[in-house]
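Remarks on the structure that follows.
Quick note: the coordinates plus some simple rules give every number you see, no bench work behind them. Since we're looking at a predicted model, the values are computed, not measured. We place every Cβ from the backbone using ideal geometry, glycine too, and count neighbours over all the protein chains shown.
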Amino acid sequence: MKNPFDSEERRAFRDTIRRYVESDLKPHASEWDEGHQCPQHVHKALGAMGFYGFGIDEKYGGLGFDDAFMRAAASEELVRCGSSGIWAATGIRNISTGPISRLASEAIKMRALPEILSGREVSCLAVTEPSGGSDVARMKTRAHRDGNHYLLNGSKTFITGGIEGKYFVVAARTGDVGLGGISLFFVEPDMPGFTRTPLDKKMGWWASNTATLYFDNCPLPVENLMGEENRGFLAIMENFNYERLVIAAASLGMMKVCLEESVNWARERQTFGKPLIQHQVIRHKIADMSARIDMIESYLNQVCWMINECELPVEQICKLKFSATRALEFCAGEAMQILGGAGFIRGNPVERFYREVKVMAIGGGSEEIMRDLAVRQMGL
Amino acid sequence: MKNPFDSEERRAFRDTIRRYVESDLKPHASEWDEGHQCPQHVHKALGAMGFYGFGIDEKYGGLGFDDAFMRAAASEELVRCGSSGIWAATGIRNISTGPISRLASEAIKMRALPEILSGREVSCLAVTEPSGGSDVARMKTRAHRDGNHYLLNGSKTFITGGIEGKYFVVAARTGDVGLGGISLFFVEPDMPGFTRTPLDKKMGWWASNTATLYFDNCPLPVENLMGEENRGFLAIMENFNYERLVIAAASLGMMKVCLEESVNWARERQTFGKPLIQHQVIRHKIADMSARIDMIESYLNQVCWMINECELPVEQICKLKFSATRALEFCAGEAMQILGGAGFIRGNPVERFYREVKVMAIGGGSEEIMRDLAVRQMGL
Amino acid sequence: MQFNQQHTEIRRTVARFVEDEVNPNMEAWEEAGILPLHEMFRKMGDLGLLGINKDEACGGLGLDFGYQAVFAEEIGAAHHGSTPMAVGVQTTMATPALARYGSTELKSEFLAPAISGDRVSSIAVSEPHAGSDVAAIKTTARSDGDDYVINGTKMWITNSTQADFLVVLVNTGGEQIHRNKSLLVIPTNTPGISFSRRLNKLGMRSSDTAQIFFDNVRVPKRYRIGDEGRGFVYQMEQFQEERLWGALSVLKGLEHCIDSTLDYTRQRQAFGAPLIDNQLIRFRLAELQTEIEALRSLSYDCVQQLIDGEDVTLMASMAKLKAGRLCREVTDSCLQYWGGMGFMWDNPVSRMYRDLRVVSIAAGSDETMLSIICKY
Amino acid sequence: MQFNQQHTEIRRTVARFVEDEVNPNMEAWEEAGILPLHEMFRKMGDLGLLGINKDEACGGLGLDFGYQAVFAEEIGAAHHGSTPMAVGVQTTMATPALARYGSTELKSEFLAPAISGDRVSSIAVSEPHAGSDVAAIKTTARSDGDDYVINGTKMWITNSTQADFLVVLVNTGGEQIHRNKSLLVIPTNTPGISFSRRLNKLGMRSSDTAQIFFDNVRVPKRYRIGDEGRGFVYQMEQFQEERLWGALSVLKGLEHCIDSTLDYTRQRQAFGAPLIDNQLIRFRLAELQTEIEALRSLSYDCVQQLIDGEDVTLMASMAKLKAGRLCREVTDSCLQYWGGMGFMWDNPVSRMYRDLRVVSIAAGSDETMLSIICKY
């Protein structure tokens, strides 16, 4: 659909990413995903296109401006390579660069941000713990002040990019139980007491590595405290909003691929003496998929507009996120059904997306948490 | 949600309708619906607000401009009175004024349009036949040229407003079988051979009357042919697009009422020792309803924008229509479930909307027809 | 479940009754907003249908619940929901506890005439602020010598304006909410009872439903069913048969929706071919038939468990839940294929769409069924 | 269905086999991408499990399909989908027509060793361009004296790389597409047969699946099952048992998903309370249990019909359809409540989510089931 909010710059940015995805990623996506890797030149190429630079000052290598439409467009286009694992390996970077650019000391920003934003190094946000999931209030990782250092103890899991990560933003408890006692720290893997192990047998997202991190009396210089002590919770929360937005945008891109693959296959495949596309149930599945895609696209545009023009629409972002992953689940399921046995064989994007649906529906806050949060935001 | 396409004029127009609905319609909606009537002063008041005047020249009493957003807003606000029957009795007028203003002779336009647009008289579009439903290609009503007249024979059914209607736009076959042989005629009830009977036992829409019309050698002056002979099909089709748009908009208004009623009831009602609103299943139902409302609202805005700015987006209008009535069906069903026994007792808008869901889902083209049409429009 | 000759016999008798006595009059009853319960029940009593699984001593047939199940399924062939519901109240909702725990004297005074069809009964449990949450009822019966004095109100009571006696759940004293309730039989001509106007409902429009008010209503203690303080337990037990009735009695109505939709879509031409030629419609109806068949199997299995004396709480709740869900899904889907005709008030599917909506709400809502299933 | 002592005996034997022989090795097989079929089947043959409803003359137990149904249900307790599928191919997909219509000679050469577990069998019907549309297959068997010469290819063939013989549907001549096909037994060591690499699948990863190519493969005509030209009819008949197996063999797996999710959500704390305290999760799981129970009842009823010699096409199609739908719904819903843990490859629900996705596709897709149900 024609986008009412399109502009010259936005179109140009989208086209740049799209052309790169088409020529450089799509031909290799399947191979990389099966090979559990995302080559470094991909990170660098995306860095050069400004993919990591939204909302960050030019002096650190950022774009010097922010735009929700462009953030969304970048994610939507990137997944069209056919593997949301490649998107996860690269795009999820932005959840750690936000806190670094807002809260880290000038010295850290000057040192780390240019490395990250150019795609030379990987940064990660580490919040989730083995025992706690999305429940930040019960976080167990602790940082004790000891002279000029904090001593960090505990562990973090499901850290996307954590194996190759060079810079980590780690949330830890410095105060009392509850939301008020969380602080953020800048952590590097060469610090003593820092170890990491891969979580490598995942259902999907094979192109992206996932780690569990362990901290055993890991000493952090006090300068590595990001922002004020005990004020880390709000910073994490703000950040989640952008993560949810791009998950919705990526889901939209995946749905579009599912629809295209379905249409292509249904035109080609013959059953009971006519092309699959001539069967009414198949046609209606296509109409339903297409309508859901339109709805999510319209809603995404509305939310991007609100982010740019109004206060951060937390309620709508929550509803958009679970609506988008529900719609993705529907489209991936219907696409599998249209492809039949062919969809069950690995190597096609529909099969891969079917395995990637759930991580989109769970990551960044599950559908259930999104509903709880949305109703609270409605003041009920 | 804040509307990205809002303007001073659009806001003022919406507010005028909303205030009138709140003060003059809402207190009486239940009584009128049960009494199977919509008083004449309602028609006139809406006429005075410009409700019927979109896309029609000022010299005929029209607004002299058109705006898809305002058309949608008018319908969305009107159903908030709690009875879509009142909306049907008044708003559906626009499907007949469109063809009259585009195709009727100047004399007819000067005579009829001011009466209709001011709300003094009711006009109707008569296409559906007892044997044919939405299948225009098999229309059986015929008009034979006989000197200076056409002789009209056949019957039409499900004609909203047909009992009080003063002016009718009637589709009849003047040529061969198929879509190419349909013409439109301007018909008045005092013509010989015109009779009508009420279809008065409907599941809903009680405030609006519905008629079956019979034509027995009804003589129509040749001036009453609207537009070219055998070219009526396209005119009907264009018209359906606006009808579908306002059905979607009305569905949106109904969904919002369902959500509001649910929230109010759930706050008040105590079960198992706490307010209903504190039960998680109820909260998630509310989140789901709210998300669907946001999606339909966003999609509706997108489509209105396309109507104003681009070519008529027939594909999107079809998908919007069935998506909106699916969402309405969901919201009405969930609202009934939240209200429990109280929702089953007549006199509340949720009970009424539950009975009105299906006419929204069927009228203007059923969900199935919408899907068939959408896929064809996608070029498949 | 295995059916024998006698099951078939009952099935045929009920089918003929529905065909001759119910369906020809149904439209008139819908218009009148009430069923002629005394006349109808006397005819059914003469046929022996109102006490199939009740004691022979009280005029029943003394058969097991399997025969009653056949009755429930077959009375569901009525072309509206009100008749099966009214009959169900008489045989399976108001009287099971009375038959099981009532004294011989109480049974001969109330149960025997209910079985013969001379007296109409009704069950009164829900209150304005206690629907599915039965333990929260507020109506009280104060002990006064050999009598109880009842005060309070009951809501949404089927058959009530025509009933000769009510079976009413009341608080008879004590703190523990599951042990402070009793079931009482209250004749409707007792002084102090009054009724609201008949409630105006979305569906079930032949069925009279009212609110009942009790203002110092005095009945002798011998009108109590079984022990004092056991009323909640009796009612929960009685609910199982009520819920199973709910599931069994909608099967034929749902199938009638599908059959009439099949007939209609075979006749109705659109775009040069009968509607039924649309693959989508055929597939959807086939899927719904599958679901109805699954509900039938589930209900029969539960009936067998009940006959075998097992605790059917789980299975009856599952059957009731699935029935409620299906009532909405089947009527809604069928209606769609009738197009504008489905929107007409007298359309067979439209009527079921309105009538059967109550199945997800009455006798414990879907959510209450889910709560019960969770506990097992 | 009523179960007797012998049913219980079989159930216990199978349960122990799954617990001792399948589940402890399952993870290793998943890793290896193949099942040790010869070893597994020999053990099962020794226990008498591979011919429960086959003739005693061929080494079977000679019992009715009800006992086989118990076997199907219980082998489904395996914690992955591949074992039940592989076993189902051996007992219920490749051999029913052979047992029913094969000559005595053919049965002693192929059926007897399949029952003893000495030979692995496979059924080859689908082709690259003919999945659910069986009549459209293109593989031919040309008559040449006392032999057939087979050319063509078969797709998605389970157990095939380990199979000792295949039962293959081929065109043996004539125009009428339902009367020009035959079923042939083809030993896999016959010259001219070749296999693709094992196909890489979303799920069922312990199961070896391949494409088979026939290049002038010559077998004697006595390897034909029953009459020439009746193959389509035999296969359709054989499909009923296959579909019923499909429904029965997923019941326990689905219940395992629910049970493990219940366990997990009871342990896992979120926001200060176990996850299971969320009403929504309890309700959802309760509803799914209800659906599984309905599928079980439906499947049992169908088994009873099969035993009674009735045409089960309708009921078996319904059971298969509902099984396919439920496999998606249950695994999907359960997975959600595991959060990130559910996304791990080795998670029990995640495995079923991948494995059971094929149920809606194989042995006739959901849409094919719907087509069949429509015709009844």
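Here are the numbers for this structure:
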item	result
Tail weight of P(r) past 19 Å, computed on alpha-carbon pairs of the stretch A:281-369, percent	49 percent
Förster radius 45 Å - calculated FRET efficiency between D:Ala32 and A:Arg18, Cβ distance, rounded to 0.05	0.60
Cα pair count fraction exceeding 17 Å, expressed as % - the stretch B:11-51	30 percent
GNM flexibility winner over chain A from A:Ile236, A:Ile108, A:Ile247 (Cα, springs under 10 Å)	A:Ile108
Estimated FRET transfer efficiency when R0 is 35 angstrom, pair B:Ala45-B:Met378 (beta carbons, to 0.05)	0.25
Cα centroid separation - the stretch C:38-100 against the stretch D:186-217, whole Å	62 Å
Relative contact order [Cα under 8 Å, 6+ residues apart], chain C, whole percent	17 percent
Top positive-direction residue, dipole computed over the protein assembly as shown with Cβ charges, set A:Ala287, C:Phe71, C:Ile281	A:Ala287
Amide H contacts of C:Val219 (H built 1.01 Å from N, under 5 Å, at least 5 apart or other chain)	C:Tyr148, C:Ile150
Scaled radius of gyration (Cα, divided by 2.2 N^0.38 Å) that the stretch B:1-115 gives	1.11
Of B:Met295, B:Met191, B:Met139, the one that fluctuates the most in a GNM where chain B has Cα springs shorter than 10 Å	B:Met191
Three-way shape call for the stretch D:95-208 based on the alpha-carbon gyration tensor, with the a/c threshold at 1.5	oblate
Under the span-like rule (Cα at least 27 Å along the axis, Kyte-Doolittle mean at least 0.0), DSSP H helices of chain A	A:232-268, A:314-339
Assigned charges on the beta-carbon of Lys, Arg, Asp, Glu; the stretch A:6-112 dipole about Cα centre (debye)	260 debye
Debye intensity ratio in log₁₀ form over the Cα atoms of the stretch B:217-284, taken at each q of 0.21, 0.29 Å⁻¹	-0.91, -1.16
Expected 222 nm ellipticity per residue - DSSP helices of 4 or more, -39500 (n - 2.57), all of chain D, to 500	-14000 deg cm²/dmol
Sites B:Arg142 and C:Leu47, calculated FRET efficiency, Cβ-Cβ separation with R0 51 Å, nearest 0.05	0.35
Lys, Arg +1 and Asp, Glu -1 on Cβ, resulting dipole of the stretch A:95-153 about Cα centre, debye, nearest 20	100 debye
Isotropically averaged projected area of chain B, using the convex hull of Cα atoms (one quarter of hull area), nm²	19.0 nm²
Shape call, the protein assembly as shown: gyration tensor on alpha carbons, a/c limit 1.5	rounded
In sequence order, calculated HN-Hα J values of the stretch B:215-228 (Karplus, 6.51, -1.76, 1.60; Hz; x Gly/Pro)	10, 10, 6, 6, x, 10, x, 4, 5, 7, 5, 9, x, 7
Pair C:Asp118, D:Arg12: separation of 7 Å Cα→Cβ label points (nm)	5.8 nm
For the stretch D:254-311 and the stretch A:175-238, distance of Cα centres in Å	38 Å
Beta bridges by DSSP in the stretch A:105-180, antiparallel share as percent, to the nearest 5	50 percent
Ranking of A:Arg371, A:Arg19 by count of other Cβ atoms within 10 Å, fewest first	A:Arg19, A:Arg371
Distance between the stretch D:105-171 and the stretch B:107-124 - C-alpha centres, whole angstrom	76 Å
Antiparallel %, DSSP beta bridges [both residues in the stretch C:160-234], to 5	90 percent
DSSP-defined beta bridges in the stretch A:96-228 - what % are antiparallel, rounded to 5	85 percent
Where labels lie 7 Å past Cα in the beta-carbon direction, separation of B:Met237 and D:Asp263 in nm	6.2 nm
Charge dipole (chain D, unit charges on Cβ, about Cα centre) - positive-most of D:Met341, D:Gln238, D:Ser299	D:Met341
Within 10 Å of each Cβ in C:272-281, the average number of Cβ atoms from other chains	4
Separation in nanometres of the label points that stand 7 Å from Cα toward Cβ, at B:Arg346 and B:Cys310	4.6 nm
By average C-beta atoms within 10 angstrom, highest first, the peptides D:241-251, D:45-55, D:186-196, B:348-358	D:241-251, B:348-358, D:45-55, D:186-196
Over chain B, relative contact order from alpha-carbon pairs under 8 Å, at least 6 apart, %	17 percent
Relative contact order, percent, the stretch D:193-275 [alpha-carbon distance under 8 Å, six or more residues apart]	16 percent
Candidates B:Leu225, B:Leu245, B:Leu276: whichever shows maximal mean-square fluctuation once chain B is modelled as a Gaussian network with Cα springs under 10 Å	B:Leu276
Computed [θ] at 222 nm, helices only, for chain B once each DSSP H run of length n ≥ 4 contributes -39500 (n - 2.57)	-16500 deg cm²/dmol
Signed unit charges on C-beta, dipole axis of the stretch A:93-247, positive-most listed residue A:Gly180, A:Cys124, A:Met226	A:Cys124
From phi via Karplus (6.51, -1.76, 1.60), per-residue ³J(HN,Hα) for the stretch A:25-32 in Hz, x at Gly/Pro	9, 3, x, 10, 4, 5, 4, 5
Overall form of chain C per C-alpha gyration tensor (a/c, 1.5; a/b vs b/c)	prolate
